[in-house]
1. Does VAL475 meet the test of being of a type outside the set (D, E, K, R), closer than 16 Å to LYS509 by Cα and at pLDDT below 85?
2. Any residue in the stretch 376-391 that is crowded, with 19+ Cβ neighbours inside 10 Å and touching a residue at least 40 places away in the same chain (Cβ under 8 Å)?
3. State which residue is surrounded by the most Cβ atoms within 10 Å (Cβ to Cβ) when the search covers only the stretch 28-51 and only residues that are part of a helix (DSSP H, G or I) and of a type in the set (A, V, I, L, M, F, W, C).
4. Taking the options ARG322, ARG340, name whichever one is modelled with pLDDT under 85 and among the basic types (Lys, Arg).
5. Of the residues GLU71, GLU77, which single one is in contact with a Ser or Thr (Cβ under 7 Å, 6 or more places away or on another chain), surrounded by 16 or more Cβ atoms within 10 Å (Cβ to Cβ) and not β-branched (Val, Ile, Thr)?
6. Taking GLY481 as meeting all but one of (1) farther than 18 Å from GLY287 by Cβ; (2) in contact with a Phe, Trp or Tyr (Cβ under 6 Å, 6 or more places away or on another chain), write down the number of the exception.
7. Could you run through the stretch 163-217 and say how many residues are more than 30 Å from LYS541 (Cβ to Cβ) and assigned to a helix (DSSP H, G or I)?
8. Could you tell me which of the residues GLY397, GLY419 is surrounded by fewer than 16 Cβ atoms within 10 Å (Cβ to Cβ), touching a residue at least 24 places away in the same chain (Cβ under 8 Å) and either touching an Asp or Glu at 6+ places or on another chain (Cβ under 9 Å) or not β-branched (Val, Ile, Thr) (or both)?
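The values are calculated or read from the model by the stated rules, or taken from the named source; none is laboratory data. The structure displayed is predicted, hence computed values, not measured ones. In this analysis, Cβ positions are derived from the backbone assuming ideal geometry, glycine residues included, and neighbour counts consider all displayed protein chains.
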Amino acid sequence: MRWSYLLPRFIFLTLVWAFFFFAFDPILKWSLRKGMEKAAGARVEIAEVRTSFLHPSFQMGGVTVGSAKEEFTNLLEFSELRFNIEGSPLLEKKFIIDEALLNGLKFGTSRKTSSRLPLIKEEETPKFITDLKAEGKDMASDRLGDLKGDAAKDAKDLQISADSLSSVKVYEELQKKYEAQYAELSKKAGSAEYQARIDAIKAKYQEADQQKDFIKKAKDLAKIEKDVKKLSEDFKNDRKLIEETASGIQYGLKAAEDARKKDIEAVMGKMKMPSLDTQSLAKMLVGPAIADKTQTALKWLAVARKYMPDKSKKAIQTDSGRGRTVYFPKEHAFPSFLIRKMSVSGEAGLDVPLDFSGTVEGITTQPQIYGKPLIGVIKGGKAGRALDFKALLDNTGEAMKGDMSLKYSGMAVKEIMLGNPDSIGAAVTGGTGQFYGTLNLAGENLRGDAIFRIEGAKVAPQADSIKFAPLKTSVISSMSGLTSVGMGIKIGGTLKDPVISLTTDLADKLSNAFKGAFGAEFEKAKADAQAKVDAALKPYKSKLESLTGSKQKELKDKLDAGQKNISTSGDNILNGLKQQATPAPGLGKIKLPKFKL
């Protein structure tokens, strides 16, 4: 026996085994913690990490992820995550998990130690959230100490410059933005790409027509028929995406209208009159309460969008110091990472937790290779409360599409502070809340709608800062005795530039209170302010409306022309295929489906 040969190899294998047995899990635990801290921007604790290589498996327990905003609060925590990894795909460096378990999931729990990380920059608040909070504080109601019972006598002589209007800047920005977006959509709507595909199919058809071998000819014709059908489907999908994107552009006009209302408020402020319509009042009352929750929801949606890349069937490239490695996908390839199904259980709420459970299917880094959407269903119920969450994120096509809905009824409400205590506010205590919201995602475009209603509550108005006695009395009487409050939010625009609209039934009551206190003087001042702002804004508004109208028509004409071209060319090719599909001895006739666009 050659000990000089065996002993070094035995020592090497022993060292490898010792590394994986004693050192691999601690190193992996450290790496996971650092990676999660980087993503969350706060401290992360992991109690244990266990792996097995004989039967590939992973288990992680006692995980708490701190909040970057609230120092002594956890963003989330869970007691256990475990799964087995399929062995064969590991040979291709693919992590395929048939079923995973995530237990003990909780949100917003308290922690004893600080979640702050040293040398970590504070997360920047998105502009739309900053604006929303600022608008809630900067309404004319914050100048209630200056309000009087009559409008300024020289209101008619008040001059309004277009340069002083924020809505003018919004219209100019939208003009540039829309010109660029429409140029991109117009290019995509053009028929150059599809004409090239039609010409290629025609060339294949002419080549097949000259083919003498009937069996090869039949196969070629069958492929051509599939190409025609695929061309039709691709055009339909592109047309739908273009029309949805163009529709999203129109939604941006709402931002200009909101800016116009702010300008009217500013002019009313110069008249020493409140120009608070229901939209403005809703922002003041519920804006601060909704802003942070909206920011959190859109942040996680943006994270999900970031890690679901489009067109993942393409070759993947990685650069290194010695060159570039290109990975070309196989016909039946595994994604790089896939969890076919994850079972989830946990608790919602802190004081009286609500147990929930459900599943998430199709978690993958390459959805187009997997070919199935991500589907999540979470349900829970306890003591008159019910939770129902559903989500579908489909990134198997050219652009990601998603639909989400959340229903939560029977939640106990302790206290919600609305408005600004330095102007007008209300404390809503007690009662039972119901929430229902939906969110749709098409590419980068957002569409969302949510309603939160509280029943059986006590509403205490706060109007101590109002100096004008008739207004103070009217405001207090408008909200006193209320037992229910409704709040709504609509979201549009894009993930990077969302547009938010808020409503609340308290705004209607408060608006009537202002009108009652100021009488006809209020309406007269408002009409004068609107007329002055609209006159200054008219040329900018007309220019933008003309742009959107003409470009929408241009897109429609291009899409109609492309559809007609593809439909005519497709029909001609398929008619030719049908004539070619003649039976031969021992062979059946080629079956060709009807072509409809």
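1. So VAL475 passes the test.
2. no
3. ALA40
4. Selected residue: ARG322, the only one of ARG322, ARG340 that is modelled with pLDDT under 85 and among the basic types (Lys, Arg).
5. GLU77
6. (2)
7. 22
8. Of GLY397, GLY419, the one residue that is surrounded by fewer than 16 Cβ atoms within 10 Å (Cβ to Cβ), touching a residue at least 24 places away in the same chain (Cβ under 8 Å) and either touching an Asp or Glu at 6+ places or on another chain (Cβ under 9 Å) or not β-branched (Val, Ile, Thr) (or both) is GLY397.
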